[in-house]
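Here's the structure we're looking at; comments come further down.
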Amino acid sequence: MISKETIEKILDAAQIVDVVGDFVALRRRGANYMACCPFHHEKTPSFSVSPSKGIFKCFGCGKAGNSVNFVMEHEQLGYVDALKFLGRKYSIEIADREETEQDAQNRLRSESLLAVTQFAQEFYTDSLWNTDQGVAVGLSYFKERGFDEALIKKFMLGWAPSGRDSLSKAALKAGYKKEFLIAAGLSIERDSDKELIDRFYDRVMFPVHSISGRAIAFGGRTLRADKTVAKYINSPETEIYIKSRTLYGIFFAKSSITKMQKCYLVEGYTDVLAFHKSGVENVVASSGTSLTTEQIRLIKRFAPEVTILYDGDEAGIKASLRGIDMLLEEGLRIKVVLFPDGEDPDSFARKNSPEVLKQFLQDNQEDFIAFKTRLLSAETKKDPIKRAQLIQEVVASIAVIPDAISRAVYIEECSTRLNISEEILSTEVKKLRKKRQYGAYSTEYTPAPEPGVPLYFPVLETGERLPEFITNTYCEPAERELLYYLIKFGEHPLYGADEENPASVTVSQFILTELSNDDLELQNLIYKNIFDEYYLVKEIGQQEIQKHFLNHRNQDFVNVVLDLLHKEHNLTIKQFVAEIPPEEHLLSTMVPKSILIYKAKITAIAYQNLCKDLSLAEKDKDSIRQNELMEQLQILMHIRNSFSKELKRLTI
């Protein structure tokens, strides 16, 4: 059996568009993607993929399901094998074992906690609508904030009665166990008599929902004027509620985020509610906590762009700038909207019509570089030290952006704004990225003894990140070349280690990192399966790895590896070297060159395919599609030129 935690990790990682896109050419249509069904022959696309719902559906043959179901159907695998397939794709370690008694208990415990929180949500909602105190205090408060009944019911808002044990008594009477009420963070056991008291009482209640819509936690706001009472009390972390992986409102926002391809990020519960009331539904809240990588990746599942909404608190904004860098690092596009002094998203939305709010968001969104520069530059006037710090701050933000074209655009813009040469900014960005690259390959990096001399291998300078529309391009000879170096030299140092520098980067580490940086996977299924299995057995050593594949139960694996090991296969070397020295002496140059050739070839193939698509779009007089294809062609031309320059630089 595969553990529940591992299954959840796989399901979280296996985004439906990503999984299906490995096998089917998807095209966006509105909020969904369409393709010709891979399960039956058809000429007109009827196969739909919904990223917000995480499912596929063919309206021709009727097949439907999630990522696991797709892999099961497409690859003719059982449920467990399909999970293993996805686990390998996303580098999630899977321990296949029988469900132990403890596993069963953990699973039942999680379900029990979810049942308790569901009961609590219904209890609080009922108290809001059907008790005198709930109506007079709680419901009146929500309506005073401008929230209508439909919105209150949609978000399942509630009221925690003023009695100190109202929920606990009702839950125990309904048959829920004391231990689950405590474990779910709903009740607290008194030390004096071991009786339960409620964590939340005399407060309006905001249920926090999981991405699937189940109540997992609560936030309670007091309406008292007493400053000794905490304004908000939130559920503690539990087995079903991990704050760093949760965003308030994500369940209600995910469809709109997918449709708009943009997510508004606010701070509090009422900010989310006020925006929904105004018809802006693609909004989530971090609930006052620092933004985490897990939360960012949750947003990225649905949209590539985030607009952060700030009130006029300058100190708070500066404290949150780290969150912007984290968003950039995950490859998201960032905009910022700053509300007028004294206003926050909630108050502004309440004071203005939906049309005014939407227009304000449209007119006042600002690119993060312009925003950060403007925010920090006020302190740098006539102070060269502070000016240098500002430049370093901005450069640090640019350096984390994975896409090279975006970095180049921001460097150009910064050069103009800060009146400093592009060359200097570009050099500083490259230095920071090179440090990050070394950090990715080895934790024992020390600077090279001489300027310009790499410690382990020549770092690829392009930094180009391939756009998504070409990463599934098939190029068998180049894939074979990479597999050759992996099978024959995978655990060899890419650049020789010595007594002074005992740490080294292996060929397999370098190849995996370079492909991962561009979300690339081998498209030849046999090559891909060998590639994936290599990293599962790589610890046994190079010779044993080769024996493993030569004695593999899959004869296709055996044939491919035999061919790689016993045939002359120095494609890259033959292209660039007249007299061939031992390959071990050339790995530091030839492996990076093979990576570049692979990326250059799939870029060239993608360019040809785009030209064909452009011809069809011109025949169909589809101007929107023509513009889209022209933009993509320009991107590819830039990348191809970049690869060409780098190939000339990497010489033996």
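Each value in this text was obtained by applying a stated rule to the coordinates, not by laboratory testing. Everything numeric here is computed off the predicted structure, so don't read it as measured data. Note: ideal-geometry Cβ built from the backbone for every residue, glycine included; neighbour counts use all protein chains shown.
So the values come out like this:
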item	result
ARG297-GLU393 pseudo-label distance in nm [points 7 Å out on the Cα-to-Cβ vector]	3.0 nm
Neighbour-count order for VAL395, VAL116, fewest beta carbons within 10 angstrom listed first	VAL395, VAL116
In order through segment 325-339: 3J(HN,Hα) via Karplus (6.51 cos²θ - 1.76 cosθ + 1.60), integer Hz, x for Gly, Pro	4, 5, 5, 4, 4, 7, x, 8, 8, 10, 10, 10, 10, 10, 7
Segment 384-441: projected area of the alpha-carbon convex hull, averaged over directions, in nm²	3.9 nm²
Two-site FRET efficiency, MET326 against PHE23, from Cβ-Cβ distance with R₀ of 30 Å, rounded to 0.05	0.40
FRET efficiency, ASP226 to LYS153 (Cβ-Cβ, R0 35 Å, nearest 0.05)	0.70
Computed FRET value (nearest 0.05) for GLU366 with SER110, which takes r as the C-beta separation and R₀ as 60 Å	0.90
Exposure proxy order (Cβ contacts within 10 Å, fewest to most) of HIS40, HIS74, HIS276	HIS40, HIS74, HIS276
Length added when fully stretched, LEU616-SER244, from 0.36 nm per residue minus Cα-Cα	129.2 nm
Hull-based mean projected area of segment 4-89, where the convex hull spans the alpha carbons, in square nanometres	5.4 nm²
Residues whose placed amide H lies under 5 Å from that of SER187, excluding near-sequence neighbours	ILE182, ARG199
Rounded to whole Hz, the Karplus (6.51, -1.76, 1.60) HN-Hα couplings of segment 359-372, x for glycine and proline	5, 4, 4, 5, 7, 10, 6, 9, 4, 4, 5, 4, 5, 5
Segment 540-550 - phi-based ³J(HN,Hα) in whole Hz, Karplus 6.51/-1.76/1.60, Gly and Pro as x	7, x, 4, 5, 5, 4, 5, 4, 4, 7, 5
Extension gain (nm, one decimal) between VAL558 and LYS194, 0.36 nm per residue minus Cα-Cα	124.4 nm
Listed residue pairs exceeding 25 Å between alpha carbons, taken from LYS63/LYS243; LYS231/LYS277; LYS547/LYS601; LYS57/LYS358; LYS254/LYS528; LYS300/LYS431	LYS63/LYS243; LYS547/LYS601; LYS57/LYS358; LYS254/LYS528; LYS300/LYS431
Nonlocal amide H pairs with LYS335, under 5 Å, H built at 1.01 Å	VAL306, THR307, ILE308
Other-chain or far-sequence residues with amide H under 5 Å of THR506's (modelled H)	LEU494
